[in-house]
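Student: Following this message is one structure expressed as structure tokens.
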Amino acid sequence: MKIELADYCIRCGICEDLYPDLYKRNYEKHCIDVLYDELPKEMEERAKKSAEDCAVAAIRLK
């Protein structure tokens, strides 16, 4: 499973605040970085929860 952020992400930081093991704010590029190219199996439920918690539904799981 992979995490992608849609272009309309507002970079509010909720994902990083709630899931610092999955996301990191990139101040230089003004974006949110996903910390995994391919999620470990044990992180998939957290990724699904993070997508539900996104303020603008910008987190996509593939």
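The values are calculated or read from the model by the stated rules, or taken from the named source; none is laboratory data. What you see is a predicted model; the values in this text were computed from it and never measured. Here the Cβ is made from the backbone with ideal geometry for all residues, glycine too, and neighbour counts use every protein chain on show. To get the accessible areas, we keep the full protein, side chains included, count just its heavy atoms, and leave off ligands, DNA and RNA. Shrake-Rupley method; radii C 1.70, N 1.55, O 1.52, S 1.80 Å.
Student: What's the angle, to the nearest 10 degrees (0 to 90), between helix 44-53's Cα axis and the longest principal axis of the chain?
Tutor: 40
Student: Could you do me a favour and compute the accessible area per residue for the chain, 1.4 Å probe, result in Å²?
Tutor: 69
Student: If each DSSP helix of 4+ residues adds -39,500 (n - 2.57) and the sum is divided by the residues in the chain, what number results at 222 nm, nearest 500 deg cm²/dmol?
Tutor: The helix contribution divided over the chain gives -6500 deg cm²/dmol.
Student: Another question, if that's okay. When the chain is fully extended, how far beyond the present Cα-Cα distance does Glu52 get from Tyr36, taking 0.36 nm per residue of separation?
Tutor: On the way: separation 16, 0.36 × 16 = 5.76 nm, distance 1.84 nm.
Extra length available between Glu52 and Tyr36 comes to 3.9 nm.
Student: List the residues, sorted by chain then number, that are 5 or more residues from Leu22 or on another chain and whose placed amide H is less than 5 Å from its amide H.
Tutor: HN-HN under 5 Å from Leu22: empty list.
Student: Could you grab the relative contact order for the chain? Cα pairs under 8 Å, six or more apart, rounded to a whole percent.
Tutor: Normalised by residue count, the contact order of the chain is 49 percent.
Student: Which stretch or stretches of region 40-62 have amide N atoms under 11 Å from the point lying 7 Å from Cys12's Cα along the Cα→Cβ direction?
Tutor: 53-58
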